[in-house]
Amino acid sequence: MSISTRVDLALLGIRGATPVSRTAGAGPSDDGHVRIDGLGAAIPRNPLSPYVLEEGRVLFDGNDIGLDVQAVDRPKFYDLSTADGVAYEKIAKLHGTSVLATTVVQTCIRYDADQRCRFCSIEASLDAGDTIAVKTPAQLAEVAEAAVRLDGVTQMVMTTGTSAAKDRGARHLARCVRAIKAVVPELPIQVQCEPPGDLQTIQDLYDAGAESIGIHVESLDDDVRRRWMPGKASVSMDEYRAAWKEAVRVFGRNQVSTYILVGLGEDPDELVSGAAELIEMGVYPFVVPFRPLAGTLAVDVDRATAPAADVLESVTDMYGVVEGNDLAGLSGSAITVVQPEFIVQPCTGTAELNAYRALRRETFVAEQGLFAGTDHDDVDDDPRCVVLVATDRDGTVLGGVRLAPCTATDLGWWAGSRLVVTTSARTSGVGPALVRAACAHAESRGVLRFDATVQKRNETLFTRLGWIRRGDVEVANTPHVAMYWPIDRIERLVSSTKAMLAGVLAPLKAQPLGLGAKGFRGDDGVPVPGSDMIAACDAIIPSMVDRDPEWAGWCAALVNLNDLSAMGAYAVGMLDSVGAPTQSRLTRIIRGLANASAAWQVPVLGGHTQAGVPSSLSVTALGRTANPVRAGGGSVGDRLTLTADVEGGWRRGYQGQQWDSTSRRNSAELTTMASFVARTAPKAAKDVSMAGLAGTTGMLAEASGTGAVLDISSIPKPDSASMGEWITCFPGFAMITADRPGAPTAPSGPALSAECGELTDIPGVALRWPDGITTRAVTSTVTGLGEA
Ligand code: SF4
């Protein structure tokens, strides 16, 4: 194919159906995925293109131009969903014929209109409901395993929107890589991120298992960067060079890449000489044309167009001379393709299960003599038991492990057992891969405690994989070690939602009465000085306002009224501040808010409403009480009670994150629940919010100057939610209260009340399990604001 034809295709795109495509995302996108003469390529989809894809040929003015082009078929893994109902297609996409691609965090700190890269539409697919905001390591591991098994995916690319943290999102990427490698260890992974603030993070990504890294600068020209990428341009070229250099040291030459766009107004000569310098230092520059994409600021506001064909052609010519690379203008890949030696997956067929059990018998009964006759036990008969097997390319079972809940009612306490590997595969990494896969699978099921009793000689292996020793035990007269896998789900939630508060709010706290009167700091609402008024204020995240405006309106009232309830106050009115780009979105937000106002019988007294601006929503609620209940009123020894409405279900689109019971309740039920704390008058109370039950309990304990322990088996929980989900989700209506032992609890309408722990003198939050063992859920303070 001549350069000019490639340039035309890259700029003008093709007409015709491409079943596999990418319509929006970080950076420039909107491609159809095809094979051209057997090579994968991403070509713009353009209904106005003169090039037409028809029955495997490309026609120009009705004439076949001699290219064999095949659209990529829809992959089988797109038809699957996770156990919690998220379509795999929303977690990762097929790019080209065999690359699995995902954006692990679909939001970006630089997405405000004055900061955003003008060619970027990372949050557009989130707004359209085509993806989810944050992909968890466990979700990605599940999808990657299926894509390898069902569709022969051979590479994976993982990018991320930029986060506010110093690592700019790279640490979450590393966690995701580690989980994927646990189940498909041979799948090569490329990660893409901005230069992390701490270059050690690049080593962390490599240690997690990534084979290559993209640190994308898009332009080497500072003027262009400031114009097109105002937020991202705050990361200097020196930071990029330092990150590329470190990445080449860690990953090796040509395992580091960067995108450079043609057509942003740069000098073509400087672009090519800059690319040559990158090649010199071991960085692979992908030189691609800028593609105008509807929905981006570049198109909607700037009316930017694709670069002129002659500019792209001359850059392609010059670049081809520099590098000898004849793929410029059509993106290629820097990843080395390696076929996996084995994969780990949940056992689905009887033949695999029988092979695993036969291997166990051979090892534990015949070889080691640990059991007489058979090692089959009750766990094998438990329908909840999951078996993971490692199979080679021919499907031969090389090893397996099983995991199952430890209690009749699944409390989120699981154990792994019967890890076995064939003699011939014992040095090939199958054992560690099975252990990692079991950990990833447990976490994906919402497990909060994961144990194993391992033979003493295997302790070192488990320790190397991150397991922690609990103590010596004896099994079948053989020395074993009780160990556990540290699950930090709650700690992660707390640190992502509340941990920055103390630092951020310090200037407010420094003022007289700043952050409220002494004794009320860290409360859900604040007493208005000189009155019996309580005021509470909450905002809804903009992406939720965009995606589900009515629900956002409802929740804006709900979270504020819950705040007043937790203070023992009776609501008298609300004020709102609403912005949206269109009148129809405004109408939908207000509709949700009005429905809530009617349901709780609390009027919206006034506020501020604005159209033609980015979506935003916050509500202030006002209530009255002569005896406000504080979060910081508890003391060591007080009993903790959870009062929660466990009926309802997960809100559509927020599976495992937002429980919705309130939208199904009538006014009488809602107002009864709303007055529960006022009628109980406990020593301390807090409503369970985005930090989840454990995090909110930690905040109450912190304000009270204590720690807390929660009895897992006493926590009221919906049947359809796992314990991991329930104690980390926003539960709709749930109040945690602290009071002296034996103090009465008022009726709570349809909500259930149960004592489920106590305040202690050990900081943080512990979970107490039915066998008396406690595990740390929150190791220290939640907000850092300290005692109220
Ligand atoms: S840094 Fe720019 S390109 Fe990357 S996600 Fe944010 S806005 Fe998009």
Tally up the residues in segment 658-674 that are open to solvent by 20 Å² or more (accessible area, probe 1.4 Å) and modelled with pLDDT of 95 or more, please. 8
Go through (1) assigned to a loop (DSSP other than H, G, I, E, B); (2) at pLDDT below 85; (3) surrounded by fewer than 16 Cβ atoms within 10 Å (Cβ to Cβ) for residue 466 and report which single condition fails. (2)
Residues of segment 215-240 being farther than 15 Å from residue 262 by Cα, more than 12 Å from the ligand (Cβ to nearest atom) and of a type outside the set (Gly, Ala, Ser), which ones? 226, 237, 238, 239, 240
So residue 595 passes all but one of these: (1) open to solvent by 30 Å² or more (accessible area, probe 1.4 Å); (2) under 29 Å from the mean Cα position of the chain (by Cα); (3) under 12 Å from residue 557 (Cβ atoms). Which condition number does it fail? (2)
Checking the condition farther than 26 Å from residue 676 by Cβ, outside any strand (DSSP E or B) and without any contact (Cβ under 8 Å) to a residue 24 or more places away in the chain, which residue from 584, 531 passes? 584
If I filter segment 411-463 down to residues being surrounded by fewer than 19 Cβ atoms within 10 Å (Cβ to Cβ) and charged (D, E, K, R), which single residue comes out as modelled with the lowest pLDDT? 426
Do we find that residue 720 is polar (S, T, N, Q), open to solvent by 20 Å² or more (accessible area, probe 1.4 Å) and not in a loop (DSSP other than H, G, I, E, B) in this structure? no
From 753, 689, 722, grab the single residue that is farther than 16 Å from residue 661 by Cα and among the polar types (S, T, N, Q). 722
Pick from 130, 79: which is touching an Asp or Glu at 6+ places or on another chain (Cβ under 9 Å), surrounded by fewer than 24 Cβ atoms within 10 Å (Cβ to Cβ), acidic (Asp, Glu) and without any contact (Cβ under 8 Å) to a residue 12 or more places away in the chain? 79
Go through segment 244-287 and give me each residue that's within 16 Å of residue 202 (Cβ to Cβ), of a type in the set (Gly, Ala, Ser) and touching a Phe, Trp or Tyr at 6+ places or on another chain (Cβ under 7 Å). 257
Go over the candidates 373, 399, 446 one by one and state the one that is under 21 Å from residue 776 (Cα atoms) and in the same structural domain as residue 483 (by TED's automatic domain parsing). 446
Take segment 201-227 and flag every residue that is assigned to a strand (DSSP E or B) and among the small types (Gly, Ala, Ser). 212, 214
Scope segment 360-395; condition without any contact (Cβ under 8 Å) to a residue 12 or more places away in the chain and surrounded by 14 or more Cβ atoms within 10 Å (Cβ to Cβ); matching residues: 362, 365
Checked segment 723-763 for anything open to solvent by 10 Å² or more (accessible area, probe 1.4 Å), assigned to a loop (DSSP other than H, G, I, E, B) and closer than 20 Å to residue 780 by Cα; matches are 728, 761, 762, 763
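The values are calculated or read from the model by the stated rules, or taken from the named source; none is laboratory data. Computed from a predicted model, the values in this text were never measured in an experiment. Positions of Cβ are backbone-derived with ideal geometry, glycine not excepted, and every protein chain shown enters the neighbour counts. Keep in mind that these areas ignore ligands, DNA and RNA; they rest on the heavy atoms of the full protein, side chains included. Shrake-Rupley method; radii C 1.70, N 1.55, O 1.52, S 1.80 Å.
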